[in-house]
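Data block below; observations after.
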Amino acid sequence: MQKDDASTLLKYDISTDPATVNISGDNNPDTAKIIIQVKADTNVLCKYISIQVPVGPDATDMYSVNPLPNSSSDNSDWVPTNDFVPGMGNDNSGNDSTFLYKHTNDGYTVDSDVTFTINGTVNDEAGTAQIMIREISATVDDGTYQIRPMTHNITKVATQDTFYLNSAVVAYLDTPGVPVALLDRNRGFQLNWQSNGSDFKLFIGGTGGQPIDLGTQSFYQVSAGLTSDTTYIIQAQKDSDYLNLEYTVSINAPDAGFTSLSANTFTDLSQGSTKILGSQHILAQGGQVDTAYWHATSDGFVIASIYPIFSSDLGITNEITLATIITGTNSFTISCIADNLGQAYNSLSIPVKQGDVFSYLCGTSSGEPGMTTTFIWVGLGTGMPTTTVGSESDKQLVQKAKNDMNAYFSKRKQKAEDFITAFETAFEKTLQPAAKEQLIKKLL
């Protein structure tokens, strides 16, 4: 076998996929294929074909060293081999990857097409890489095998870095750099991500509020940790382009949240603490309170409280204040008596079911503003009642409560008048109307 620079006998059609080979960018590796199509030629005998591709970091190298490129053949007559064949490139100690294929066809006649494909990660330097193809071939007529080389240049171009946002991961603040999949409750952590964006915002799932503006900072710290799974949406901006990445931080033994929870037998809440009551909301307050109708959007409690809040309350004497809560078909009433001996305060708490309509009213024995009465709603959860127009039956219940309240005041006044009349009879003396009225008020 002779070794010379004779032109190859076989015809090679060389292309790349993609047609334009882009170099890799930071955190954005780019791959490319070199496709070498060899046409059948029954006038040619060929024992080996080798493809030598430069690898390394330079502009004249095609692929990166890590990972090294690989190759394949679509024709079973051509198989990769580790044969040591001097002059075919696999004896080269330079920065090259050489792929040697052996022709297994009897007689070495090239009677079918074959395509070799080299695949690898393009390095990050623009330039021109030269590949070398060698064949050990002879013509059928001559039969003298020679190493016949050819070269082909492949141009690599630099493109604008592709905008990317990826690789979100969390790590504890006290063990930075160690990724964690399932976090402990209430343990501080940092959420990190990779991006070539210039500005970042963070949306926290479930809050519905404005995003947190992080500027150029590509991490977010939660020093107090979390008690339940939380989803974050990272938004990266580069020029006028935006990318979003969703990441859910999972908590070991998280607080559970349910839209609906039903217990077929019983629910045991004896372990740990239970938080179900919402905030207090004042529905009405004053010495006189207008009747209103409310629709309960959740289970809760209506509280009626007769208690001095304002300085004017402390000067009230000779007065009875009544407060009534009406829910369903029932009414519940409390009283506050203010006389010369002092003031007796009172409060009442009534449970209300979700969907029920409730109302309230208050009144005094004199018909004048009495002790400050406050009606309060405490819901289970965040449900607030909404005002509504009472049905005819609701209005009838309120009217009955008013009638009962007026009847109570009238009965007490009648008893006081009867006592004063008996007093006048016993002493055979008639009191002046003003004095008589004053005594009646004191007795009430």
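The values are calculated or read from the model by the stated rules, or taken from the named source; none is laboratory data. Computed from a prediction, not measured in an experiment: that's the story for all the values here. Cβ coordinates were reconstructed from backbone atoms using ideal geometry, including for glycine residues, and neighbour counts include every protein chain displayed.
Overview of values
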read-out: Candidates T60, T98, T144 - the one that is in a strand (DSSP E or B), assigned by TED's automatic domain parsing to the domain that holds Q37 and surrounded by fewer than 20 Cβ atoms within 10 Å (Cβ to Cβ); value: T98
read-out: Which numbered condition G367 misses (of (1) under 16 Å from A323 (Cβ atoms); (2) in contact (Cβ under 8 Å) with a residue 60 or more places away in the chain; (3) of a type outside the set (S, T, N, Q)); value: (2)
read-out: Residues of the stretch 228-272 satisfying the condition of being at pLDDT below 75 and either assigned by TED's automatic domain parsing to the domain that holds I376 or not polar (S, T, N, Q) (or both); value: P254, D255, A256, G257, F258, L261, A263, F266, D268, L269, G272
read-out: Members of the stretch 266-317 that are within 24 Å of S331 (Cα to Cα), touching a residue at least 40 places away in the same chain (Cβ under 8 Å) and acidic (D, E); value: D299
read-out: Filter result for the condition that a residue is outside the structural domain of I14 (by TED's automatic domain parsing), within 21 Å of the chain's Cα centre (by Cα) and among the acidic types (D, E), over D199, D174; value: D199
read-out: Qualifying strands (runs of 3 or more DSSP E) (wholly inside the stretch 155-212; at least 1 residues being in contact with an Asp or Glu (Cβ under 6 Å, 6 or more places away or on another chain), within 23 Å of L243 (Cα to Cα) and modelled with pLDDT of 95 or more); value: 199-204
read-out: Whichever residue in the stretch 101-116 is surrounded by fewer than 16 Cβ atoms within 10 Å (Cβ to Cβ) and hydroxyl-bearing (S, T, Y) and, among such residues, is nearest to V44 (Cα to Cα); value: S112
read-out: T117 more than 55 Å from the chain's Cα centre (by Cα) and modelled with pLDDT of 95 or more; value: no
read-out: Strands (runs of 3 or more DSSP E) within the stretch 329-383 that include 1 or more residues crowded, with 19+ Cβ neighbours inside 10 Å and among the aliphatic types (A, V, I, L, M); value: 330-339, 346-352, 357-364
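Per-residue answers, yes or no, for (1) surrounded by 16 or more Cβ atoms within 10 Å (Cβ to Cβ); (2) over 21 Å from K11 (Cα atoms); (3) within 49 Å of the chain's Cα centre (by Cα):
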position: S50; (1), (2), (3): yes, no, no
position: P54; (1), (2), (3): yes, yes, yes
position: D77; (1), (2), (3): yes, no, no
position: V157; (1), (2), (3): no, yes, yes
